[in-house]
Every structure is written in C-alpha cells, then in structure tokens.
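One structure is given here, and the rest of the page talks about it.
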Amino acid sequence: MNDVDVDVVVVGAGGGGLAAALAASDAGASVVVFEKSDSPGGNTALSTGSIPAAGSKLQKAAGVQDSPERMVADLLRQSGPHENEEVLRQLAESSAELIDWLTESHNVSLSLVTDYKHVGHTVHRLHAPESRRGADLTDDLVAACRAANIDVITNSPVSSLLVEDGCVEGVVISGERVETQQIRARAVILASNGFGANPALIRTWLPEAMGTEYFGAHGSTGEGIEWGLELGGHLANATAYQGYAAVAYPHGSILSWTTIEMGGIIIDSTGNRLGDESVGYSGFTTRIIKGVAPFYVLCDERIRDLACRESEYAELVDMGGVRSYASAADLAEALGIPVHSLERTLAEYQSAAAGDSADPFQRRDFGIAPLQSPLMVSRVVPGIFHTQGGLAVDTEGRVLGAGDRPIQGLFAVGGVAAGVSGATGADGYSSGNGLLSAIGLGRIAGRAAVSA
C-alpha cells in the first residue's frame, strides 16, 4: 500500500496508546492518536500509575536485586499457567528498558516505590509517579507526544477498520461531533482497553462479574476486541479481570491497599471477616461479594498515617472517608454492627497477628498489626477496574488470526490484548499487570508497527 495518510494510527489515548505512539515516532514513523473521549488518559489515568519492571536503573540505585526471570516467576506464582506466557516473558525481559526509555528519552517522572511491594511481587519493582496518580503519568505521556509532534485528537471515535483482502489498512472516524472520514495507514494499533463498561459483553464473556459495579474508564466498551474477532482473531485468558475489593463509598476512589498490607482487615455488616485479605485487592474481590453489605476496612492510626503518603488516600482522609472510633463497641454502635460478633472477630485477629494463635483464614502476613486503638474505619464496595481477557497477540503485539497467523496491519495492546493475569477470574492479578501489558506492550507494538 503506497497511498497512506499516516504511517501508524493508534486507537485510544490511554497509557498503552500514548506509549505506542511515542515508540512508533521514535522509529521514524508519522503517527496520529484518535481518542473517542473528550480527554486522554483512559484507565491509566484512574490507576496508581504503577509499572512493574525488573533490573531498572532505579532499582539498581536503590540496591534492589531483581531479574526478568524472578519477575516472571513471581507473576506466574500469582496467576498460575495461562495462554499468554510468551508475551509475559517478553514484557519482563524488556521492562527495565521500558522504564529507562520513559524516564530518560521522554521525561516521564517515575520513582521506585519502596513503601510496599504490593500484590504478587517479592521485591520492590513498581515504578510510579511520586503522587501515585495515573493521571500524572498520562499527563507526562501526553506532553511527550506533544514534544514529538504527535497529534492526539480527542472526541474522535473510530467506528470501524478499513480492511482490504484481509489486511487492515486504516480506520473510519465517525460520530455525533465529527465528520465521517477515512484515515489510511500502514498499521493500526488498537489501544482502546477492554469491555468493562459494556454490560452485554460482560454478560457474554465474563458472567462471574455481572452485577459488580465497574469503576474503570467509561470508554472501555470492547469494540476493539470485536473488530479483531470479526477478522478471525480469538480471545485468550478470556474470563480474567482485575477487581478491587475496596473502593471508598460514596467517594468512588480506590482505598489504598497499603491499609490492608500493613495490617488492616475487611468486615461486612455482620461483623465478620470474609477471608484472607492478603490475597490481594483483586483476588479478595471474589470474597467480599459473598458477604453482607455494607463492607468496612478497619486499620489504626499508624496504618492510616503510612497510607497518607499516597495523595489519593490523604485526600480521602481530608474528605472524611476515614473515621475514628475509640473502641469496637463504639464502632459497632455507630455502624449498626453486632457488637459481640465484631469483638470476637477482632479478638481472633489480634491473637493471630500477635502470634498467639492461627488465623481463622490462614493469613500469615499481618504488617504492623495487632491493631491499636482508636480504630480507623472506611466504608467500601467491591468493583471491577478492567477486564484482562482480550485478543490473542504475539510477542510484538500483532493480533493473531486463523491458524495463529498475524492479521496484516493490526496490533493490540493493553485491555484489547490478552492480559497476563491468569486464565480466569480475579485471583491472578499482580499489581501493575494492567500497565505492564498496556505501556510495555505499547512500546513493543509501536516499534513493530513501523515495519508492518
């Protein structure tokens, strides 16, 4: 194809799409990014902006010893075997280079998170903005695109792909506020996230999560996946997803999981715990939805103050989303929880945390618990943040069609592509997996798309 408007079209301006655009531009391609919403960011902007990487310069400067092999072992220990392990290994092997590329080539501000390791990791390998806000990460990526003269065009929904003889040769832009136009390109990178905001697709592909509130970007409606399927692609890790067991209610912000890792617990309205909270914020989602709402996170002042290092949690405290109670009896009376049940739950947990007895749910990591009075309490609800099933891709992000042959000109990253969090359910998600397969695969696919 000789007559093109641009070398590479990127569909979606979240972290994956912006990284793909930068990588393609670095390789000499002309690039345009189309975003259907009125601002860039997508799910990345709603996250903590944490990207796992093994062997980065930031890790080495902090004395952290890590390797891609260790990272793969950690993530597979959490997820179990799945259909996207080759891509996982590629992402781990290129992860240190990814962080160095972001920080050194594109002035993206990241630091190594040493306050916690978070779910699935045995060493400090999460790299995030100081604020722990994904919006700051996407702001930096947008600024980098601007510096590279990459057009990021919002309010421009892609309605379909241009396909000739089975090859993808561009996109069609159309919508209420834009004139319909065709953009021809040598390659199209789908970076429009998964299908969490599409109840019909949740019902079809992820029935386990039906009825659980979605807290991700509203633009995650799954059309990128459907386009790939129409061209002969297939799903991998189809029913995996990232849940979050503790979304602050009614504020809608995620409650820092540091509160749990440092020794907090989750109870329901009966005053009972619901399982081993240390399985992680995603895995615990399936436990909490079996309880009796409303749900509450309990910690203490020491844990609250540690979690306040994260700006979103500090803002929740300022908004009154973390309340203090002098005793379990005061808490139970204020919230309408059976006092005897709550006191029994706390006594069992405190004894286990002190090492005097076994935890009823086999929890072994108690942070700095036993908890001290007064108790800090936040009301929470469980939710879905993004789907982890998507189109099967190869290690360069090329969408695989019939016979696992790449569909010419079509790439997928992030939530459009199969994730690396296991084959099914929410238990396999390790912290940062979403951005690893968005930004990490975005960089890989952006480079590969130049020679498509």
May I ask you to say which residue of GLY419, GLY383, GLY367 is over 16 Å from ALA438 (Cα atoms), in a loop (DSSP other than H, G, I, E, B) and in contact with a Gly (Cβ under 9 Å, 6 or more places away or on another chain)?
GLY367
Scope region 336-359; condition assigned to a loop (DSSP other than H, G, I, E, B), touching a helix residue (DSSP H, G or I) at 6+ places or on another chain (Cβ under 6 Å) and of a type outside the set (Ser, Thr, Tyr); matching residues
ASP359
Of the residues in region 73-89, those that are crowded, with 17+ Cβ neighbours inside 10 Å and closer than 24 Å to ASP404 by Cα number 8
A careful count of residues in region 111-152 that are under 20 Å from LEU46 (Cα atoms), of a type outside the set (Asp, Glu), surrounded by fewer than 21 Cβ atoms within 10 Å (Cβ to Cβ) and at pLDDT 95 or above gives 6
Residues of region 356-394 classified as within 30 Å of HIS82 (Cβ to Cβ), of a type in the set (A, V, I, L, M, F, W, C) and surrounded by fewer than 20 Cβ atoms within 10 Å (Cβ to Cβ), total:
1
Sort out which residues of region 248-287 are surrounded by fewer than 24 Cβ atoms within 10 Å (Cβ to Cβ) and in contact with a Pro (Cβ under 7 Å, 6 or more places away or on another chain), and write them in order of number.
SER269, THR270, GLY271
What residue, among those in region 192-244 that are assigned to a strand (DSSP E or B) and of a type in the set (Phe, Trp, Tyr), is surrounded by the most Cβ atoms within 10 Å (Cβ to Cβ)?
TYR241
What number goes with the only condition from (1) under 27 Å from the mean Cα position of the chain (by Cα); (2) at pLDDT below 95 that ARG177 does not pass?
(1)
When you go through VAL168, VAL172 one by one, which is the residue that is hydrophobic (A, V, I, L, M, F, W, C) and either surrounded by 22 or more Cβ atoms within 10 Å (Cβ to Cβ) or in contact (Cβ under 8 Å) with a residue 40 or more places away in the chain (or both)?
VAL168
Name the strands (runs of 3 or more DSSP E) wholly inside region 87-181 in which the number of residues that are charged (D, E, K, R) is 1 or more.
151-153, 158-164, 167-175
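The values are calculated or read from the model by the stated rules, or taken from the named source; none is laboratory data. What you see is a predicted model, and the numbers here were worked out from it, not measured in a lab. Don't worry about glycine lacking a Cβ; one is built from the backbone with ideal geometry, like all the others, and counts go over all protein chains shown.
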